[in-house]
Amino acid sequence: MTYDDKNIFAKILRGEIPCKKIYEDEYVLSFYDINPQKKIHALVIPKGKFIDLDDFASKASEKEISGLIKGINTVAKKLKISSDTGKGYRALANINENGGQEVPHLHFHLFGGEKVGKMVE
Ligand code: 5GP
C-alpha cells in the first residue's frame with residue numbers, strides 16, 4: 001500500500017484544510033477531532049507520510065519515533081489530562097481495516113476530560 005497524498009490529514013498538514021490546532025513542532029501536529037467522542041478528543045499525527053503504526057515502525061527514523069511519543073505527552077500536558085497534570089486519558093491508534101482506521105495517515109486519538117469507559121466494544 002502506498003501513502004495517499006489526498007487523505008484529509010495530509011491536506012490539513014499542507015494547510016489546505018483548517019483545523020483547531022493544539023500543538024505543533026518539528027515532528028507532530030495536534031488538533032481537535034472534528035467529531036469528538038469524549039469531552040476532550042485530540043488527534044496527534046506525525047508530520048511524515050506514514051499510513052499507520054506498522055508503516056511508521058518500519059520506516060520512521062528514531063527521531064521521528066521519539067518525536068511522536070514525546071508529542072503525545074506534550075499534548076496531554078497541554079490539555080491537562082496527563083498523569084501529572086490531570087486524571088489520565090486513553091491514547092488509541094486504529095490500524096487498517098480490522099482496526100477501523102478511516103484516515104490513512106497515522107494518528108493517535110487522545111480521549112480524556114472524563115472517564116473514557118470500556119476499552120473495546
Ligand atoms: P480513524 O477512524 O481513522 O482512527 O479516525 C479518524 C478521525 O478523524 C475520526 O475520529 C474523525 O472524526 C476525524 N476526522 C475526519 N475528518 C476530519 C477533519 O477534516 N478534521 C478533523 N479535525 N478531524 C477529522
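Checked against a 18 Å cut-off, the cross-linked pairs Lys21/Lys77; Lys20/Lys118; Lys11/Lys80 give Cα-Cα distances beyond that limit for Lys20/Lys118; Lys11/Lys80. Length available on full extension from Ser83 to Asp54: 0.36 nm per residue minus the Cα-Cα distance, which gives 7.8 nm.
Summing +1 for each Lys or Arg and -1 for each Asp or Glu among the other residues whose beta-carbon sits under 14 angstrom from that of Lys78 gives +2.
Any idea what the dipole of the chain comes to, in debye rounded to 20, about its Cα centre with Lys/Arg Cβ at +1 and Asp/Glu Cβ at -1?
Details: 19 positive and 17 negative charges, 131 e Å.
The dipole of the chain has a size of about 620 debye.
Each residue in Thr2, Thr74 was given a count of other beta-carbon atoms within 10 angstrom of its own, and listing them fewest first yields Thr2, Thr74. Each part reduced to its alpha carbon centroid, region 10-42 and region 61-121 end up 12 Å apart. Net length available on complete extension from Lys63 to Asp25 is 12.4 nm, with 0.36 nm assigned per residue and the Cα-Cα distance removed.
Read the figures in this text as sums done on the coordinates, not as results from a lab. Everything quoted here is computed from the prediction, not taken from an experiment. No Cβ is skipped: glycine too gets one built from the backbone with ideal geometry, and neighbour counts run over all protein chains shown.
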